[in-house]
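Student: Let me give you the structure first, and then I'll get to my questions.
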Amino acid sequence: MAKKLGKKARKFARKNLQSAAKRNRKIRNQINYRRPRRGGSAAREDGDEDVPQRVDDATMATNDATDALINGLEFSEDDAEIDAGLSDSDGYLSEDPGCPYYSDSEDGDTVKDCIMQDGLDRQNDDINIDIKKQKKKLKKLLDKDPEFANFLEKWQTELKNYRSKEDSDEDGMDSMDDDDVSNDGNSPNTKMLTSKTISEWCLLVSKEPKSPALRNLLNAFRDACQYGVHSDSPSMQRFQSTRVFYQIITFVLTESDNIFRALLEISDDANKGQIMNLRNSKKWQTVDPLLKSYLRNSLELLSQLTDNKILAFVLTRLRASAVLFSAYPSTSSRLLKILFRLWASGNQSLSLSAFLMIREVASLLPDSLGLCLTKAYNTYLAGTKLVNDRNTKHIDFLMNCLVELYSLDVQKSCERVVTSMVQLNSILRQASKTREKEDLRKIDNWQYINCVNLWVRFICCNYKDYNLNPLFSQVLQVIRGVAHLFPGSRYLPLRLKLAQMLNELSACSQMFFPIPSLLFDCLEIREVSQKEETQKTKVNFSSMLKVPKNLLKSRYFQEECVLSAIQVLSAHFAQWSYHVSFPEIATIPLMLLKRLHEQTTIEVLHRPIKRLIDQVNENKEFIERKREVVSFSPNDKASVDSFLQEEKNSGNASFKRFYSSIAENHQAKGKMVKPIPKTQHYRQLLISKGVTPLCGCREKNYQVLM
C-alpha cells in the first residue's frame, strides 16, 4: 500500500510543485521543435504528435544506411565559435539622456503595469481557476490520506531549503553582475515605455536616421526580443501594453534595413565586397554596434517565437538585410542554423520563407554556399527517414528547394552530388554482393530512394545547360541495380518510383528506357477470395516501398497496382507518342496489356486497361500512316527528330489528351505523384513571395524538375 501511495505522490509532485511548473513554463516559451537525433526518428509534423505512426521492420533497420549517407557530407558546426561571437557584450547601447520619455498621463492611454496585464488577462483568469481546482483536489487528498500529507510536508521542507540556497547563489551572481555593469557604464534602462514615447522615437528616426533615438529604439527592441526569457529582469517590465510591444517589433523590423543602408550610404544591390570594404571606414565604426545589436537580437527573436505567421513575417523582413550578415561570420552561422530548423518545420508558409532566406544568404554570401549545400542535404536526409500520407507533399517541397539551392552553382554542387553517388553505389554493390537482409534494408528505405530521386531531379533541371553525362550514368546504374535487387509484386511501389525517375530522365535527355519491363514483371493478377473481397484496407503507394503480405491478395491492392501502372505507362507512351519508332515501342507492351486484360477478374479494371489499349493502338496506327508518306531513312537523325514536329508543338493528339485526363484524375484522387511533375504549385509559392524561380529562364527544363 505504501509503495502505491508513494507513486501517486511522486506523480502529483511532478505535475503540481512550483519547481516543476516553473520548468514547464520555461519549456513552453521555447519553440515547439525537436531536433532529430542522428540515426533516430525524425521529428513529426506539427499537430501529429498523437497520431500513431506505422513503421515496418525495414524502416526501423535503416540506422546504418542513415550514417552511411549523412557522414560523408555532414556539416560540422563550430558551436564554440558561434557562442563566443554572441557573448562579447550584453547588447545594451549607451543612450542619450536627452532623448524624450513621456509618462502615462501624457500618453492619454489607460495605464498598465506591464504587457501581461494587457494581453494575458484572460489567460491569468484561467490559470487562477485551475489553481483553485488543484487546491481543492489537494485538500481532499490531504484529508483522505494523512501519510501523503506527511510526505508532502517533507517535500515542501526540502524545496524551501533548496530555494534558499538557490536564492543565495543568485544574490552572489547578481552582485557580480552589478559590479560588471557599473564598470561597463551601459546599464539597462528601466524607464517605462509608452506608446507616445515609441511613436516619438519612430518619428525622429524616420526623419533623421542618425538621431540618438535610434539607440533607444534598438535597446527597446532588445528587451522585446528577449521577453519571456528573463521575465524577472527589471528591463523586461518596461512595456506599458501589448501595443507598445508590437509597435517596437513592427517598426524596427520594417525600417531597420533602410535605416542602416542610409547610415552606411549603400544601395539596395550592395554585395559582400562593398560591405567588407566599409569595415575599415570611420562610418562603419559608428554603425557597427547598432547593426550588431539589431542582427543578434533579430536572431534571438527567431529563436523565441512560436507563432508561424509572425516567424514568416520576421524572416521576410530580415531577408532584405541578408547581405549585412556578411560582416559577422559567427552570426551568419547561427542564422543558418535557425533557418534550416524552420525550413524543415513542416509548415508550408514558414518553410518557404525560411528557404527564401537561405537562398538569399547563399546567393549574396559565396563563402556560405558550401555550408548551405551541406546543411540542406543533411536536413533533407533527416526529414525523409519516415514517409507517410501526411508528409509526402512536404518532402517533395524540400526536394524542390534543395534542387533550387544546388542549381545556384552547378559546378560546385556536382562535387557533392558525385560524393553522394559514390556512397549510394557502394551500398548497392555491397547489397548485390552479399544479398544479406541487413544490407538490403540499407537500400529498401526512404532515405536511399529519396536521395536517388533528389539527384534525378537535379540532373533533369540542369542536364541541357551543363555536361552531366558522368553523373547521369551513375544515377542510371543505381536505378537499374535497385530494380534488379527487388523483384516481385511486394516491391511494385518501389518499382513504380524507379519507373517515374526513368520517365523524368528520359524526358530531359530524350533517351529511351524500357520502362514497361520494370512494371509487367511485378504485375500478377491473383484470384481474390470472398473474404479478401470484403477487406476495406486501402493502399496508398505514395507512402510505401514494400506492400505487407496480408494485402497482396486484397482487391484494393490489385486495383492500385493496375491503375498506378497505367498512369506510369501512359506517361511513358505520351513522351514517345510523336516519335517515328512508336509502333515498335508499343508492340510488346500492347501484348502484355492484352494478356493482363484477359487475366483480370476485377470488373472495375477492365475499362481503364481496355481504354489504354485502344489509345495506344490508335496512336500506333496514326504514326504508321504518317510513316508511309515520308521518304527519309531511319539513319537520317535530323529528319527523324523533325518528324511530326508541328503536331507535337500543337499538342492536340488524342493520346496527349488521354494522358492529361489520367494525370488529372490521379492528382484529384490524391494518389501517386505524377511521373513528370509540374512546377506550377512551387512556382506560385515563390511568385507569391515576390521571388522569381532560378530556373525560370529554362522553362522547358524546369518543367521536368518540378
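Student: In whole Hz, what ³J(HN,Hα) sequence does the range 336-343 give by Karplus (6.51, -1.76, 1.60; θ = phi - 60°), x for Gly and Pro?
Tutor: 4, 4, 5, 5, 5, 5, 6, 4
Student: At most 16 other Cβ atoms within 10 Å and a DSSP loop assignment: could you name the chymotrypsin sites (Phe, Trp or Tyr not before Pro) in the range 562-662 that fit? Working shown, then result.
Tutor: Working: sites: F573, W576, Y578, F622, F632, F643, F655, F658, Y659; in loops: W576, Y578, F632, F643.
For chymotrypsin sites (Phe, Trp or Tyr not before Pro) across the range 562-662 that sit outside H, G, I, E and B with at most 16 neighbouring Cβ atoms in 10 Å, the list reads F632.
Student: Okay, moving on. Among R243, R317, R495, what's the order by accessible area (1.4 angstrom probe), most exposed first? Could you put the intermediate results ahead of the total?
Tutor: On the way: R243 140, R317 70, R495 20 Å².
Descending accessible area places them as R243, R317, R495.
Student: Roughly how far apart, in whole Å, are the Cα centres of the range 556-635 and the range 293-330?
Tutor: 54
Student: Just to check I understand the Karplus step: with θ = phi - 60° and J = 6.51 cos²θ - 1.76 cosθ + 1.60, what whole-Hz values come out for the range 458-470, glycine and proline as x?
Tutor: Along the range 458-470, the couplings run 4, 5, 4, 6, 10, 5, 7, 9, 9, 7, 10, 4, x Hz.
Student: Within the range 195-344, how many Lys pairs that are eight or more residues apart, or on different chains, come under 22 Å at the alpha-carbon?
Tutor: Within the range 195-344, the lysine pair count is 14.
Student: Taking H as built 1.01 Å from N, whose amide H comes closer than 5 Å to the amide H of F239, not counting residues under 5 places away?
Tutor: I115, L193
Student: A further question follows. When a/c is below 1.5 the answer is rounded, else prolate if a/b is larger than b/c, else oblate, so apply that to the range 301-392 with a ≥ b ≥ c taken from the square roots of the Cα gyration tensor eigenvalues.
Tutor: Details: a/c = 2.19, a/b = 1.34, b/c = 1.64.
Taking the square roots of the gyration eigenvalues as a ≥ b ≥ c, the range 301-392 is oblate.
Student: Among residues other than T331 whose Cβ falls under 9 Å from its Cβ, what is the net charge (Lys/Arg +1, Asp/Glu -1)? Intermediate results must be reported in sequence, preceding the final value.
Tutor: Values: positive: K292, R296, R334; negative: none.
Result for the local shell: +3.
Student: Taking R0 as 22 Å, what FRET efficiency do you get between E624 and Q645 from their Cβ-Cβ distance, rounded to the nearest 0.05?
Tutor: Numbers: r = 18 Å, r/R0 = 0.82.
Here the calculated transfer efficiency is 0.75.
Student: Could you sort out which of K385/K433; K385/K610; K433/K546; K393/K442 sit more than 32 Å apart by Cα distance in this structure? Numbers along the way, then the final one.
Tutor: Details: K385/K433 25 Å; K385/K610 39 Å; K433/K546 22 Å; K393/K442 24 Å.
Check vs 32 Å cut-off fails for K385/K610.
Student: Could you report the accessible area of K412 in Å², rounded to 10, computed with a 1.4 Å probe on the protein chains as they sit in the structure?
Tutor: Solvent-accessible area, nearest 10 Å²: 70 Å².
Student: Kindly provide the GluC sites (Glu not before Pro) of the range 255-319 that DSSP labels as loop, not H, G, I, E or B, and whose Cβ sees at most 14 other Cβ atoms within 10 Å.
Tutor: Working: sites: E255, E265, E300; in loops: E265.
Counting only loop positions with at most 14 other Cβ atoms within 10 Å, the GluC sites (Glu not before Pro) in the range 255-319 are E265.
Student: Which length gain, in nm to one decimal place, applies between E584 and N271 when the Cα-Cα distance is subtracted from 0.36 nm times their residue separation? Can you show the working numbers first?
Tutor: Working: separation 313, 0.36 × 313 = 112.68 nm, distance 5.63 nm.
Here the answer is 107.0 nm.
Student: Could you pull out the pairs from K626/K648; K437/K497; K594/K626 whose alpha carbons sit more than 20 Å apart here? Intermediate values should be presented prior to the final figure.
Tutor: Values: K626/K648 13 Å; K437/K497 22 Å; K594/K626 25 Å.
Check vs 20 Å cut-off fails for K437/K497; K594/K626.
The values are calculated or read from the model by the stated rules, or taken from the named source; none is laboratory data. Because the structure is a prediction, the values reported are computed rather than measured. Methodologically, a virtual Cβ is constructed for each residue, glycine included, from the backbone with ideal geometry; neighbour enumeration extends over all protein chains shown. Quick note on the areas: whole protein, heavy atoms, side chains included, nothing else; ligands and nucleic acids left out. Shrake-Rupley method; radii C 1.70, N 1.55, O 1.52, S 1.80 Å.
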